[in-house]
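Okay, structure first, notes after.
What follows is calculated from the coordinates using simple rules that are stated; it is not laboratory data. In this text the structure is predicted, and so the values were computed from the model without any measurement. Cβ atoms come from the backbone with ideal geometry, glycine included; neighbour counts cover every protein chain shown.
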Amino acid sequence: MSSSFKRTAAAGFTLIELLIVVIILAIISAIAIPQFSSATKDAQMSALDANLATMRNSIEQYRAQHSGFTYPGTNASSTGEGCTGAKGTGAAGTEQALKDQMQFASNAKGETCTVADNTYRYGPYLRQGIPLEPINNIGTIVVTTTGTIAAPAAAGTGWAYDTKTGRFIMNSADKDAAGKAYSDH
């Protein structure tokens, strides 16, 4: 080989070779990035359905253990006697009463205590607390006591729950990728 050829080979990549590599990387990125964002939305939808199932099952279990006609949040969680731990703090028909009755032990009236005993023998139904709504990561709950949940909010604001019917939904009028309202899941 001549000495001029050795110097050219040692100089590195040509501009054309670098451009080809950059174009290939751009094509791969254009294909891969939408796939990842689609997987994220699918995971959020799965989490939403799982969280709704968990909440609805817990609400029904509470109802079954409390004479079969009282949903959580209907009665105050704060009026119990004989609690050896901390009592709940929720008034009837409030988000706090729902949270207390899902997370603490309760008696037949729905009064709650952080320590389970013979008086407070039901629950807790959700040891980790009420899950966040996974689309917007909001944990607030709009509680109604009328038997009808108000129209879902335009933007996601967590959950909506009715103490009279036990209906628990995502409080959003937004739609998923399939065109189904989040509140209809």
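Taking the DSSP beta bridges with both ends in the chain, the antiparallel portion is around 70 percent.
For Y122, nonlocal amide neighbours, meaning residues 5 or more places apart or on other chains whose placed amide H falls under 5 Å from its own, are S106. Amide H contacts for A76 (H built 1.01 Å from N in the peptide plane; partners 5 or more residues away or on another chain; cut-off under 5 Å): A92.
Judged by the mean number of other Cβ atoms found within 10 Å, the most tightly packed of the peptides 13-26, 99-112, 68-81 leads the ranking 99-112, 68-81, 13-26.
Non-local lysine pairs in segment 20-184, meaning eight or more places apart or on different chains, with alpha-carbon distances under 25 Å, amount to 8.
What you get for the chain, charging only the Cβ of Lys and Arg (+1) and of Asp and Glu (-1), is a dipole of about 320 debye around the Cα centre.
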